[in-house]
Amino acid sequence: MNFQLGREILLAVVFAFAASLAQAENAGAGVPANLSSDQIVQQMQQHTQAQTEGLKQYKALRHYQVEYHGFSARVAAKMDVEISYDAVQGKSFRIVSQSGSGMLCDKVLKRAVDSEKEASQDKRSSAMTEANYRFHLAGIESVAGRPAYILDVEPLTESKFLSRGKIWVDAADFAVVKMETEPAKSPSFWIARTLIHYTSTKTGAFWLPEQVRSETKVRIGGTAVLTINYGSYEIVPATILQAASF
């Protein structure tokens, strides 16, 4: 692969993937209530606010992986990253291990980590809110044994940091539990299409990302698949933090 062309393709993959990362933690059983899309979105925002106020600290070990198939070749890389979240200081990342293609580690995986750092500092521009999206209720479906509302989401602006597609909102907690989207705007001419699949899981009282998988079709041939498995979370209860402050 021509190095410059390969670099542009890989950076475009990172930008497409960053859109999903920016929304990933911006989310959210019983019988679903008969709610409108506006009411569901309002409940989503209340859930997000409550989680933001309640979630003070956590740690997790993430597993990043990227594979590129094309030009009669296959290249891959893996990286384990320890993340620490603090409500006051934000997120910090520490690379624990990496293997495989050095170029993919540097140009894709490390850039994905850096993109999440940047996105976490400005959540408004990519938040799943009425300021950025138009919502339409498409139905109800079970996700992991829990009823969820399905919403079609359409971005109000053609930004590469917003997405279009479908989201699934838990009918009891109003957390976003699943997303199948693509970027509203292609980040590069070399990208034909990017499909992003996101799932979250409930840990204690909080809904947190479980997996993000981005599959990108390159216009001149080849496919790049970027995956984050978020592992298990170690959440520090607010009561412990309050006791430690005295």
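Bear in mind that the values in this text are calculations on the coordinates, not laboratory data. Not measured: the values here are computed from a predicted model. In this analysis, Cβ positions are derived from the backbone assuming ideal geometry, glycine residues included, and neighbour counts consider all displayed protein chains.
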Cβ-based net charge around Asp114, under 15 Å, with every Lys or Arg adding one and every Asp or Glu removing one = +3
Loop sites in segment 155-246: GluC sites (Glu not before Pro), DSSP, at most 14 other Cβ within 10 Å = Glu158
key: Proximal lysines relative to Lys107, as straight alpha-carbon distance under 17 Å, when same-chain residues fewer than 8 apart are discounted   = Lys78, Lys117
key: trypsin sites (Lys or Arg not before Pro) within segment 142-246, DSSP loop, no more than 14 other Cβ atoms inside 10 Å   = Arg219
note = Quick note on Ile196, Ile220, Ile40, Ile95, ordering by fewest other C-beta atoms within 10 Å, gives Ile220, Ile95, Ile40, Ile196
request  = Mind listing the long-range amide H neighbours of Ser163? Cut-off is under 5 Å, sequence gap 5 or more, other chains count too, H placed in the peptide plane at 1.01 Å from N.
outcome  = Ala184
ask   = Ranked from highest to lowest mean number of other Cβ atoms within 10 Å per residue, what is the order of the peptides 85-93, 64-72?
value = 64-72, 85-93
remark   = Rounded to 0.05, the calculated FRET efficiency for the beta carbons of Leu61 and Ser159 at R₀ = 30 Å is 0.40
remark   = Once phi for every residue in segment 132-139 is put through the Karplus expression 6.51 cos²θ - 1.76 cosθ + 1.60 (θ = phi - 60°), the whole-Hz ³J(HN,Hα) values, with Gly and Pro written as x, are 10, 9, 9, 10, 9, 6, 10, x
